[in-house]
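Visitor: One structure, as structure tokens, below. Some questions next.
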Amino acid sequence: MELNGIEIEDTYAEAFDMQVARILMTAETASWAKTCAQSAAGFATSIIECKVEAGIDRFIPKTETPDKRPGITLLFAALKSKDLAKQLRKRTGQCILTCPTSAVFNALDNAEEWVDVGDQLRYFGDGFEDRKRIGDKLLLWRIPVIEGEFVIEEKFGIKKGVGGGNLILMGKTQKSTLKATEAAVNAIYEVDGCVAPFPGGICRSGSQVGSKYDFLKASTNVKLCPTLREQIPDSLVPPNVNSVLEIVLNGMSKNAVQDGMRAALHAAAKVPGLVRVTAANFGGKLGQHKLHLKAIID
């Protein structure tokens, strides 16, 4: 199977049900909104150690935000809603409340569960916090801070989403592989409700389950390491491939993840030097969703 002359392996990415939340952060300028979003999404690449996965979803123009200021939506994902709620409170309190000129709102309309975030952080106001309603939907807390005031919606929504969609890109050189993967990630940014949580949307350390060391849950995927191609009998790295990068995708739904993978595939396939694209799975034994690359391209 080929796309623009690039080999696409007839396989699938194995994805999982996750609990997801989406929030909207605004600030006085687009630059500060981005700073706030990057801080809140820090150390959130994998639930293995970070307990939550997060990424920038969309840049929102000021004409579409509740306070008419530039905004960014962030998508958070965890296996359990109680873990996600804990991370939302921590990251909002430590990374968004502290960011100059910031405000934060729920950006998930079809929530299946609601968690107190603003209603918990309001106590930072030391008794001077003020509750405010705007229209029929927005219930906000205004919390005094030394810069002015911090505005936060009282509750954030959580619903079932999908995580663990993935693509593995193989290229002739490190430079060409990185360029193709960057193009893929930029395409994902254009898909609503889908994020790539690793640094810059890219993971260089694709992993395998388990290790020769008993105390490790995961270790480097030796079958995909170009430097080990001649040392192991079952290497998956073709002779003309010298660099491999992975993209992991989380989304508000299975369709959102598939749309992100489709956009990424078509964007990457336009970059010279890309040789092959495949995906990681566990034989269908762990994840609830099989995202077949052939079906996604078609």
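Visitor: Would you kindly identify the strands (runs of 3 or more DSSP E) lying entirely within segment 17-132 that contain at least 2 residues that are under 25 Å from Gly200 (Cα atoms)?
Guide: Numbers: elements: 53-60, 71-78, 103-106, 113-116.
Ranges flagged: 53-60, 71-78, 103-106.
Visitor: Let me ask something additional. Report yes if Leu228 is outside the structural domain of Ile72 (by TED's automatic domain parsing), modelled with pLDDT of 95 or more, surrounded by fewer than 17 Cβ atoms within 10 Å (Cβ to Cβ) and in contact with a helix residue (DSSP H, G or I) (Cβ under 6 Å, 6 or more places away or on another chain), otherwise no. Outline the logic, then answer.
Guide: Working: outside the structural domain of Ile72 (by TED's automatic domain parsing): yes; modelled with pLDDT of 95 or more: yes; surrounded by fewer than 17 Cβ atoms within 10 Å (Cβ to Cβ): yes; in contact with a helix residue (DSSP H, G or I) (Cβ under 6 Å, 6 or more places away or on another chain): yes.
When the stated conditions are applied, Leu228 passes them.
Visitor: Take segment 18-29 and flag every residue that is of a type outside the set (D, E, K, R) and touching a strand residue (DSSP E or B) at 6+ places or on another chain (Cβ under 7 Å).
Guide: First pass over segment 18-29, keeping only residues of a type outside the set (D, E, K, R): 18-21, 23-27, 29.
Correct list: Met18, Gln19, Val20, Ala21, Ile23, Leu24, Met25, Thr26.
Visitor: Are any residues in segment 28-40 closer than 17 Å to Gly93 by Cβ and either among the aliphatic types (A, V, I, L, M) or not assigned by TED's automatic domain parsing to the domain that holds Cys95 (or both), and if so, which ones?
Guide: Those that are closer than 17 Å to Gly93 by Cβ and either among the aliphatic types (A, V, I, L, M) or not assigned by TED's automatic domain parsing to the domain that holds Cys95 (or both): Ala37, Ala40.
Visitor: Please determine, by comparing only the residues of segment 234-287 that are polar (S, T, N, Q) and closer than 27 Å to Ala111 by Cβ, which one is surrounded by the most Cβ atoms within 10 Å (Cβ to Cβ). Can you show your working first?
Guide: From segment 234-287, those polar (S, T, N, Q) are 235, 240, 242-243, 250, 253, 255, 258, 278, 281; that's our starting set.
Narrowing further to those that are closer than 27 Å to Ala111 by Cβ: 250, 253, 255, 258.
Values: Asn250: 28, Ser253: 16, Asn255: 12, Gln258: 23.
Out of the qualifying residues, it is Asn250.
Let's see how each residue does on (1) in contact with a Cys (Cβ under 6 Å, 6 or more places away or on another chain); (2) under 22 Å from Ala279 (Cα atoms); (3) surrounded by fewer than 22 Cβ atoms within 10 Å (Cβ to Cβ); (4) touching a residue at least 24 places away in the same chain (Cβ under 8 Å):
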residue: Ser39; (1), (2), (3), (4): yes, no, yes, yes
residue: Thr45; (1), (2), (3), (4): no, yes, yes, yes
residue: Ile48; (1), (2), (3), (4): no, yes, yes, yes
residue: Ala54; (1), (2), (3), (4): no, yes, no, yes
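Here's the yes/no breakdown for (1) surrounded by 21 or more Cβ atoms within 10 Å (Cβ to Cβ); (2) hydroxyl-bearing (Ser, Thr, Tyr); (3) touching a helix residue (DSSP H, G or I) at 6+ places or on another chain (Cβ under 8 Å):
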residue	(1), (2), (3)
Ala30	no, no, no
Gly71	yes, no, yes
Ala77	yes, no, yes
Thr92	yes, yes, yes
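Visitor: Tell me the residue from Arg69, Arg122 that is assigned by TED's automatic domain parsing to the domain that holds Ala27, free of Cβ contacts under 8 Å to residues at least 40 places away in the same chain and basic (Lys, Arg), please. Break it down stepwise before answering.
Guide: Working: Arg69 fails: free of Cβ contacts under 8 Å to residues at least 40 places away in the same chain.
On inspection, the qualifying residue turns out to be Arg122.
Okay, residues lined up against (1) in contact with a strand residue (DSSP E or B) (Cβ under 6 Å, 6 or more places away or on another chain); (2) at pLDDT 95 or above; (3) surrounded by 18 or more Cβ atoms within 10 Å (Cβ to Cβ); (4) not charged (D, E, K, R):
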| position | (1), (2), (3), (4) |
| --- | --- |
| Lys175 | no, yes, no, no |
| Asn186 | no, yes, no, yes |
| Val191 | no, yes, yes, yes |
| Ala196 | yes, yes, yes, yes |
| Lys212 | no, no, no, no |
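Visitor: Answer yes or no: is there a residue in segment 214-226 that is of a type in the set (Asp, Glu) and touching a Cys at 6+ places or on another chain (Cβ under 8 Å). Steps first, answer last, please.
Guide: Of all residues in segment 214-226, those of a type in the set (Asp, Glu) come to 214.
Add one more test, that the residue is touching a Cys at 6+ places or on another chain (Cβ under 8 Å), and what stays is none.
The answer is no; no qualifying residue exists.
Visitor: Let me ask something else. Return the residue satisfying two criteria in turn: it lies in segment 103-152 and is among the aromatic types (Phe, Trp, Tyr) and crowded, with 20+ Cβ neighbours inside 10 Å, and of such residues it is nearest to Lys68 (Cα to Cα).
Guide: Phe105
Visitor: Among the listed residues Asn221, Asn250, Asn240, which satisfies the condition of being more than 28 Å from Val52 (Cβ to Cβ), touching a strand residue (DSSP E or B) at 6+ places or on another chain (Cβ under 9 Å) and of a type in the set (S, T, N, Q)?
Guide: Details: Asn221 fails: more than 28 Å from Val52 (Cβ to Cβ); Asn250 fails: more than 28 Å from Val52 (Cβ to Cβ).
Matching residue, one of Asn221, Asn250, Asn240: Asn240.
Visitor: Something else now. Among the candidates Lys80, Lys86, which residue alone is assigned by TED's automatic domain parsing to the domain that holds Glu154, without any contact (Cβ under 8 Å) to a residue 60 or more places away in the chain and of a type outside the set (Val, Ile, Thr)? Reasoning before the result, please.
Guide: Details: Lys80 fails: without any contact (Cβ under 8 Å) to a residue 60 or more places away in the chain.
Just one listed residue meets the conditions, Lys86.
Visitor: Take Gly148 and decide whether it is more than 16 Å from the chain's Cα centre (by Cα), at pLDDT 95 or above and not assigned by TED's automatic domain parsing to the domain that holds Arg204. I'd like the intermediate steps shown before the answer.
Guide: Working: more than 16 Å from the chain's Cα centre (by Cα): yes; at pLDDT 95 or above: yes; not assigned by TED's automatic domain parsing to the domain that holds Arg204: yes.
In short, yes.
The values are calculated or read from the model by the stated rules, or taken from the named source; none is laboratory data. These numbers were taken from a predicted model, which means no experiment stands behind them. FYI the Cβ positions are ideal-geometry reconstructions off the backbone, even for glycines, and counts take in every protein chain you see.
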